[in-house]
Structure formats: structure tokens, C-alpha cells
Amino acid sequence: MEAAINRYRVLALIVGVMLLLVCFVGVPVRYIGGNPTPSGIISPIHGALYIVYLGIAYDLWRKANWPLKKMLVMVSAGLIPFLAFFIERRVVADARAELASRQAADGPEPVKTP
């Protein structure tokens, strides 16, 4: 599950940064500056990465066995500027707590002999 947490964390931050670029660079340059090129480049990249993010978020949600509400919160992170950074922190903390509780319930790993 640690790998799923790390994948989620990286994609959440990338999608969050891309959304900020869309909102605060691409859209103003398009509508105020009259140049659609930056928006035409940044927006599809954000869209493609958001689709990948959805798959990664689903994977973590499924492995953590969280309620549907948690998945909806995770999905919203890529749609609202700045929200990705807050949601990412919260989800990663919850996932690591879940992982720690599972490891505590399973007990220490047995020592492997060669």
C-alpha cells in the first residue's frame, strides 16, 4: 500500500500544479492576452494527467477500503485550484495511519532465514 500512497502523492501534486497553471497562466493569457497557445498546451496535459490521477486515486481508495465519500473528496482535488495540496496531505496522512494500524494488527513480520 505504501507504493499506492507514493503514486497518489506524486500525481496529486502534479495535477494540482497543472491546474494552477491552467487557471492562472493559460486562461488569463487566452482571454486577457488574446493568445490561446499556452491554454491549448497546458489544458490537455492537465486533462490527461487528471485521468491518470483518477486511476491512481481509485487504486489507493480500493486498497485502503475507504467509504465512497472519501473517493469523492479525492476526485474533487483535481478540479478546484489549491484544493489538491490540502486533500493530498489529508489523504496521505489517513492512508499512512491505515497502513500503520494494519501492520500493528498483523504483528511483526517473521524473520526470514536464508
Report summary line: Magnitude of the Cβ-charge dipole (Lys and Arg +1, Asp and Glu -1) of the chain about the Cα centre, nearest 20 debye, reported as 100
Query raised in the report: What's the exposure ranking of Phe85, Phe24, going from fewest to most Cβ atoms within 10 Å?
Result: Phe24, Phe85
Query raised in the report: If each of Ala48 and Ala104 carries a label point 7 Å out from its Cα toward its Cβ, how far apart are those two points in nm?
Result: 4.3
Query - Mean projected area in nm² (Cα convex hull; one quarter of hull surface) for the chain - result: 8.8
Report task. Would you calculate the separation in nanometres between label points at Ala3 and Arg62, each defined as 7 Å from the Cα along the Cα-to-beta-carbon direction? Result -> 1.4
**Report entry** Extension gain from Leu13 to Asn35, taking 0.36 nm per residue of separation minus the Cα-Cα distance
**Finding:** 5.2 nm
**Report entry** For the stretch 73-104 versus the stretch 26-58, the gap between their alpha-carbon centres in whole angstrom
**Finding:** 23
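Laboratory data are not the source of any read-out in this text; all were calculated from the coordinates shown. Predicted model, so just to flag it, every value in this text is computed and none were measured. Neighbour counts are summed over all protein chains in view; Cβ atoms, including those assigned to glycine, are modelled from backbone coordinates with ideal geometry.
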